[in-house]
Amino acid sequence: METVGVVGLGIMGAGIVEVFARAGLRVVGVDVDENAVARGLAHLERSTGRAVERGRLGADERAELLGRITLSADRGSLAEVDLVVEAVPEVMELKRALFADLDRICKPSAVLATNTSSLSVTTIAAMTSRPSRVVGLHFFNPAPVMKLVEVVTTVLTEDGLAGEIAELAGRLGKTPIVVGDRAGFVANRLLLGYLNQACRMLEAGIATRDDIDVAMREGAGLPMGPFQLLDLIGLDTAYEICEVLFYETKNHRHAPAPVLRELVTARRHGRKCGHGFHPRTARPTAPPATGPKVAVTTIGIVGTGAEHLRERLDAAGFKTIDGHDDADVVLAIAPAPVVEIAVGLPRPERVVGVHPVGDKVAELAVTVLTSPEIATAVRDLTRVMALTPVVCADRAGFVVEALLFPYLNDALRMVESGYASFADVDTAMKLGCGYPQGPFEMLDAFGLETVRDGLRALYAEYREPAFAPAPLLERLVVAGVTDIPNRANANTLKGVEER
Ligand code: 3HC
C-alpha cells in the first residue's frame, strides 16, 4: 500500500493523515467543504510546526511530509488510493452513507477502513459490495503520539487482510492488536467504563473534579485525570461511545452518566471547543492550603500501616500519639467505613480516615461526623507530610481503588469472555492510553487478593453487578496465580476455551 485516503479532517483525521505521511506514504485527505479542508490543513501545519520547534522533525523533513499530502473537498480524488480510513463523526447514518459512496468511488481492490470508536464495523461493511475488504482501523488521540492501533475484523473479513493491515500499522510505527467486532473493542470498552464511573463519582459528591483528577494522575500514576481525558476525547464522543456500549452490553456501568449528557447538551464538548469539565487552560491542582483554623499540636493515630506518615509528622514538629486521648485530630489508618471507628470514639468529629496512595497522594476520608474545621486542618497537615491531599467521602475504595478495581475486573471479564488475550489487553491500555502498566500488570502489583477483597467491599456497598469479582479473579486467587500476563494464559484460558 503506497497511497491512502483519509476522510474527515478533524483532530483525529488530521492526526491520521500526519501519521501516514510521516511513514512516507502519499495521503489524500478529504472533508466536506473548503472550510473543513482549511481547518485540517491548519491542524497539520500546527502539529508539524510544533514537532520542528521541539527538534523532533527537521524543517526539510516537514516540507517533504507536507508535500506528500493532498487535501481536497472532492471525494472523487480517492478513486486511486489503496486504502481509505474514515474519521467522520460517530453517527452511524453518516458512516453508512459515506461507505456506500466510497464503495462506488474507490477502485475494487481498495480496502475501506473505519476509525470508529465503538460502532459496529460489520454494519458499516454491510453497506458496501466488498464487505470482506472492510475493517476497523482504530487510532488513539493524539494519533501521532499514541502507539496503539486496533485492527478490527468482522465475520466477513477475508483471510489475510487483518495481517496485511497489521503489517501496515507496523510501518507507521504503531503496535497493532487484532480483535473482533465488539462495541468499544478493547481499549474504549475498558476506558469508558472507568471514565463514566468517575462522572458518577463526581455526581454523587464523593470527591471534587480536581481531587479525582489529581488522585488518578498523581496517585494512580495515569497520564491524565479522568476529566482531563474526557475533555481530550470530547464529551460528545465519550457520550456516544457509552451509548453504543450500553446498547450492546445492557450494563449499567456503560449507561452514560447524566452529567455527560448535560454537558454535551450545553455544547461543552471539551478541548475542541474550549470548555468541557475544565476550561481550556486549566491544569487541575489541589486547592491551596487555607492555613490552620484549628490549632493542631497533638495528632492521634488509630490503626497501623502508615508509619512513614507518623515519621513525617514527628519531623515537622507535631506530637503523634497512638490512639485518640488528648489528640486535636485523629487520623484513622483504615479502609472505609471509617465512621465505624469514629462512632466508637469520644469525639468522632475529630476523626478523618487517611489512606496513602503511592508516595505522592493521601486520600482523606471525611465521615458524616467529621467537622468541616477538622477536615480542613487534616488537608493542610497532609501537605506538611509532603503529600497531595485528596478529600473524599467515606466510601468503599475511596477514590483510586474505587475507580481502578472495577476497571481491572472489567479487563478480567473481557479475557474470560474470550474476546482478547491478557497480553493484548495490557498492550492496548499501555499504548492506547499511556497507562504505565496494563491492567494485569497492575493487578499483580496490587495483589489479586487485595483487588478481590476491594471489589467485594465495593459490591457490598453499592450492589452494582459490575463490581462483583469476576469468576476468573476468584479462580486466580484460589489458584495462587501471580505474574498473570506471563503465567495465566495457558492455565486459565484452557478452562475458558473448554466451556
Ligand atoms: N499532536 C501531536 N503531538 C502531540 C500532541 C498532539 N495533539 N500532544 C502532545 N504531543 C506530543 C508532544 O509534542 C510531545 O512530544 P515530544 O516529547 O517528542 O516533544 C509528547 O507528545 C508529549 O507531550 P507533552 O509533553 O506536551 O504532554 P504530556 O507529556 O502531558 O503528554 C499526552 C500528553 C501524550 C496526551 C499524555 O498526557 C497522554 O498519553 N495522555 C493519555 C491520552 C489518551 O489516553 N489517549 C487515548 C484516548 S481514547 C481515544 O483516543 C480513542 C477514541 O476512540 C476516543
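Things to note:
- Every pair of residues 6+ apart whose Cβ atoms lie under 8 Å, when the first sits in region 157-178 and is hydroxyl-bearing (S, T, Y) while the second is not in a helix (DSSP H, G or I): T157/V134; T157/V135; T175/K147; T175/L148; T175/V149
- If you go through region 20-46 and keep only what is under 20 Å from E64 (Cβ atoms) and touching a strand residue (DSSP E or B) at 6+ places or on another chain (Cβ under 9 Å), you end up with F20, A21, L25, R26, V27, V28, G29, G40, L41, L44.
- Within region 211-225, being touching a helix residue (DSSP H, G or I) at 6+ places or on another chain (Cβ under 7 Å) and within 11 Å of the ligand (Cβ to nearest atom) holds for L222, M224, G225.
- Boolean, T320 is touching an Asp or Glu at 6+ places or on another chain (Cβ under 7 Å), modelled with pLDDT of 90 or more and over 28 Å from V186 (Cα atoms): yes
- Filtered residues of region 212-239 (kept if under 15 Å from the mean Cα position of the chain (by Cα) and closer than 18 Å to L119 by Cα): I233, G234, L235, T237, A238, Y239
- Count of residues meeting criterion [within 15 Å of L230 (Cβ to Cβ) and either at pLDDT below 90 or surrounded by 12 or more Cβ atoms within 10 Å (Cβ to Cβ) (or both)] in region 246-282: 23
- One residue from F140, F99 being buried (at least 22 other Cβ atoms within 10 Å of the Cβ) and away from the ligand (no atom under 15 Å from the Cβ): F99
- Pairs are defined by a Cβ separation below 7 Å, a sequence spacing of at least 6 or placement on different chains, a first member in region 50-63 that is basic (K, R), and a second member that is within 13 Å of the ligand (Cβ to nearest atom); the pairs so defined are R62/T48; R62/V52.
- Some residue of region 37-55 being surrounded by 15 or more Cβ atoms within 10 Å (Cβ to Cβ), small (G, A, S) and within 11 Å of the ligand (Cβ to nearest atom): yes
- Pairs with Cβ under 9 Å, 6+ apart, first in region 118-130 and in contact (Cβ under 8 Å) with a residue 24 or more places away in the chain and crowded, with 18+ Cβ neighbours inside 10 Å, second of a type in the set (D, E) and not in a helix (DSSP H, G or I): S118/E90; L119/E90; S120/D181; V121/D181; T122/D181; I124/E86; A125/D181
- Filtering region 326-344 to residues that are farther than 24 Å from E311 by Cβ and not charged (D, E, K, R) leaves A336, P337, V339, A342, V343, G344.
- Sole residue being within 22 Å of P356 (Cα to Cα), not assigned by TED's automatic domain parsing to the domain that holds E150 and not polar (S, T, N, Q), chosen from D211, D236, D231: D211
- Matching residues in region 226-255 - criterion: being small (G, A, S) and either assigned to a helix (DSSP H, G or I) or more than 10 Å from the ligand (Cβ to nearest atom) (or both): A238, A255
- Tally, over region 16-26, of residues that are closer than 16 Å to V84 by Cβ and either within 29 Å of the chain's Cα centre (by Cα) or surrounded by 24 or more Cβ atoms within 10 Å (Cβ to Cβ) (or both): 5
- Boolean, L202 is farther than 18 Å from E18 by Cα and either surrounded by fewer than 17 Cβ atoms within 10 Å (Cβ to Cβ) or within 13 Å of the ligand (Cβ to nearest atom) (or both): no
The values are calculated or read from the model by the stated rules, or taken from the named source; none is laboratory data. Please read these numbers as outputs of a predicted model, since none were measured by experiment. Note: ideal-geometry Cβ built from the backbone for every residue, glycine included; neighbour counts use all protein chains shown.
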